[in-house]
Amino acid sequence: MLKPIGLYFLLSIIGTTFANTDHQFFTMAHSTCETHIFYQFDGFNDRDQENMKQRVQSSLEQKGFKINVHESTDNRAQRVLSEELYFEVKMSREGWLYKNCLLDMKLKEARSSGRTRQDRVLHKAEINRQFPRVTFKGNERCVRAISDALIHIPVCRAR
């Protein structure tokens, strides 16, 4: 009687171990998965801005997006073609002693050439992060806000 129950548990453990966990069920299909990122910072110094940009870009690359990085002096930085994806990221720090991190992130698809208000919003996240309070500047709050905002963005798969 004990042997069939033990064999059942052994087979169930082996079955769950070899289950296919690499398959992504929550994906988004796009022709190229290329995206532009437009940043707006308030209350950050240059070093903190670069740190936050790198965190956003690395998180999006893990999600399968191909990031087009443009220099701020490049005229193509504002150009988005029809049906291209782009992110609008606005980060600010507010507060007197401990700075709260406010993050507004939108994933949009351009309807025509250029960015307009009528572009289709695919994902929108507004995060106001107040904790954990480790430093006064609040970089750790902004890092957590980035991960909170990107948690619901699906993995992009090129068609």
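The figures follow:
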read-out	value
FRET E, pair GLU109, THR135, Förster distance 41 Å, beta-carbon r, rounded to 0.05	0.65
Count, lysine Cα pairs under 26 Å in the range 27-158, 8 or more residues apart or across chains	27
Radius of gyration and maximum dimension Dmax of the range 27-158, Cα, Å	15.0, 46
Pairwise label distance in nanometres, GLN49 with ILE151, each label 7 Å out on the Cα-Cβ vector	2.9
Rounded to the nearest 20 debye, dipole of the range 27-158 from Cβ charges on Lys, Arg, Asp, Glu	280
Cβ-Cβ FRET estimate between HIS123 and LEU97, R0 fixed at 30 Å, reported to 0.05	0.35
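FYI, it's all coordinate maths here, none of it is from the lab. On a predicted model such as this, the values are computed, not experimentally measured, just so you know. Please note: Cβ atoms are built from the backbone with ideal geometry, for glycine as well, and neighbour counts cover all protein chains shown.
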